[in-house]
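The values are calculated or read from the model by the stated rules, or taken from the named source; none is laboratory data. Since the model is a prediction, treat every value here as computed from it, not as a measurement. Glycine also receives a Cβ, built like all others from the backbone with ideal geometry; neighbour counts cover every protein chain displayed.
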């Protein structure tokens, strides 16, 4: 008979997580959370994972939840440990990723009396959390279930704050835990049966009003942001592209592809003259998916607003372009499934004209790349040409995600990036969590500042041997040389973070294979065997010219105008 903590609150949480099939439990060491550690460690329903650094642990859990699309629980001690979860919680909030934060706390009589390792933990994430359950008030079972159901059904972070009084380490042999799990499961089945109807179809008469506007319009744009790979959505977008009046714009994190889609938005828009900016303006803009990376499309659609902007998403609609007219509160798949019955193709040259422009840009792109000097841009050209099929590609923020958008993606890749808050703080940890959660090879491409900032991510016992990191070391925050403001500020060093650090000793300490490249020949040589099987994960560090990258990228964009 397994031994469980002799604490009713801990028993209740463990039973509830088991009943709701929350399998992965990421624990950061501590003492106040001892009842939870003891219980989850003994639970046959849990896979417990220990990650010391709470900030890294939270992003690691985020990566697992990103891939499994199921809630992952985080368990920490009291005090500042909890606050280190906040960056990942904010990312989960904006990226619709389910996390269950379970924090141990001091009992109420020890808060704000000078007791050690004690802060005000109740509702500490209130601006970026879907639900907060502060236990110890008598309705604990109800609060726990509501928190877990919220994470599962609304896809986002929740917080369960649990006050524990001493003693913390007492254990009991308890049959009642298993009984509680089965009882809770029987209740949950009934709840889930009702929730199958939660995706209620749109009213057809109301939808017909929008379809009439659609059918009368000759210039329609569908913009797809960050989205998990989905075969039905891919098929639906392909169907849309058969209409000559529809232009489909995608980002690589949309995880859809087709020759008729515009996949490098900045590459298309950057050279536009005034008349082209006007001509590109759609009558109708339909947006789906999450955050948009392209600054150019945001600028374009804010300055040249469509007559109508509709967004389809079951959860939320951001007014990104300051002209949102209607939110269809269903999944994009259900929206299109209904909408297609009401729409018809419209004669137009809108799609053909801009696809022709896309081909011109692509030709200019290839011409420039053949003579491009070794640089960040050239490195991306080489990397993206060698990534194996069926790779999970995790991208760092800042320059990395933007460079990647300039190139075609292999349709067999699955591409992800922390674009909810677009921070660099946990990209490596997220990639490691994602790599742990899947069987396929995972490649993480990152910059030097992002890599160094999250170097504790490598302090992790669950990194698979098929995990690969390519770190582009341009000497510190190269994006700030491309943005005009920092260079004109006379304080560039405070924006750019110049340094002479390398990953070599980190790799030795954390048992990664380490290799370097400083020019194109070395890069091609290293890439030739970088993805081969090995007994250790690998890091390839590529050194690019810090003072030349920005001028080469500017030349690239200027060449598109020629």
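Output the number of residues of the stretch 512-527 satisfying the condition of being out of contact with any helix residue (DSSP H, G or I) (no Cβ under 6 Å at 6 or more places or on another chain) and either free of Cβ contacts under 8 Å to residues at least 24 places away in the same chain or part of a helix (DSSP H, G or I) (or both).
Counting residues in the stretch 512-527 that are out of contact with any helix residue (DSSP H, G or I) (no Cβ under 6 Å at 6 or more places or on another chain) and either free of Cβ contacts under 8 Å to residues at least 24 places away in the same chain or part of a helix (DSSP H, G or I) (or both) gives 7.
Report, by residue number, each residue of the stretch 214-223 that is within 18 Å of residue 321 (Cα to Cα) and in a helix (DSSP H, G or I).
Of everything in the stretch 214-223, nothing turns out to be within 18 Å of residue 321 (Cα to Cα) and in a helix (DSSP H, G or I).
Of the numbered conditions (1) assigned to a loop (DSSP other than H, G, I, E, B); (2) modelled with pLDDT under 90; (3) surrounded by 18 or more Cβ atoms within 10 Å (Cβ to Cβ), residue 4 satisfies every one except a single condition; which is it?
(1)
Step by step: first the residues of the stretch 151-191, then only those that are assigned to a helix (DSSP H, G or I) and in contact with a strand residue (DSSP E or B) (Cβ under 7 Å, 6 or more places away or on another chain), then the one that is modelled with the highest pLDDT. Which residue is that?
By that ranking, first place goes to 151.
Restricting attention to helices (runs of 4 or more DSSP H) lying wholly within the stretch 224-296, give those where 1 or more residues are surrounded by fewer than 22 Cβ atoms within 10 Å (Cβ to Cβ), touching a helix residue (DSSP H, G or I) at 6+ places or on another chain (Cβ under 7 Å) and outside the structural domain of residue 309 (by TED's automatic domain parsing).
Because the criterion is at least 1 residues that are surrounded by fewer than 22 Cβ atoms within 10 Å (Cβ to Cβ), touching a helix residue (DSSP H, G or I) at 6+ places or on another chain (Cβ under 7 Å) and outside the structural domain of residue 309 (by TED's automatic domain parsing), no helices (runs of 4 or more DSSP H) in the stretch 224-296 meet it.
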